[in-house]
1. What FRET efficiency would be calculated for the residue pair residue 85, residue 34, taking the C-beta separation as r and a Förster radius of 25 Å, to the nearest 0.05?
2. So, by mean Cβ neighbours within 10 angstrom, what's the order for 64-76, 86-98 with the highest one leading?
3. Test of understanding: what is the full-extension gain from residue 76 to residue 119, defined as 0.36 nm times their sequence separation minus their Cα-Cα distance?
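What follows draws every value from the coordinates through simple rules; no lab data is involved. Note that the structure is a prediction, hence the values are computed from the model and not measured. Cβ sites come from the backbone with ideal geometry, for glycine too, and all protein chains shown count toward neighbours.
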Amino acid sequence: MQSTPFVSSTGETRNPIYEGQFEGETVEQADARLHWAKVAMEMARNASLSAPSHGEQVREWNLSADGLPACGKPVLAYYLNSHGKGRRIRAEYVKAWTVQADDLSDPDTECVEYSEQEDAYYIRQGWYELIDNWDEYGRIAVHEGVITHWQELPAAPSAGSQGGDV
């Protein structure tokens with residue numbers, strides 16, 4: 001499955017998810033990011049990423065190349081960082097022109113695109129790490145690696161199982 005390219009404010013059609021450079025990224029950084037994405041895909045074909053612990057229900061990893069989660073749905077995502085280390089993060093995938101940027105978004109420093117038709121800013125297409133405990137940001141673009149896999153988040157524990165508030 002191919003990701004949908006988007007048109008930048010300069011009219012250039014780009015697909016930073018699987019090819020090319022992100023804004024401000026050197027050619028060497030782009031090459032390294034793409035290299036580790038290929039390594040991760042190969043590793044995933046040869047081994048299982050899922051190793052359940054005591055009582056944990058087995059959940060299957062989905063290849064990002066085979067399909068993406070619903071736009072804006074929080075999931076567990078997997079990628080290799082620039083050192084080849086596997087990382088799991090809580091993330092969401094945003095499709096182009098679907099999530100309007102809030103009033104706090106800075107178009108000069110954040111991943112936003114301007115729509116002249118609607119006179120509004122939108123979050124750029126791509127994967128975003130979700131952060132709950134940072135007042136200034138709720139999502140940060142994933143730029144160090146390429147998300148190769150994702151899976152549904154597990155259900156939250158019940159209040160009674162933890163002996164207190166959850």
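1. On the way: r = 17 Å, r/R0 = 0.67.
Here the calculated transfer efficiency is 0.90.
2. 86-98, 64-76
3. Values: separation 43, 0.36 × 43 = 15.48 nm, distance 3.32 nm.
Taking residue 76 through residue 119 to full extension adds about 12.2 nm, to one decimal.
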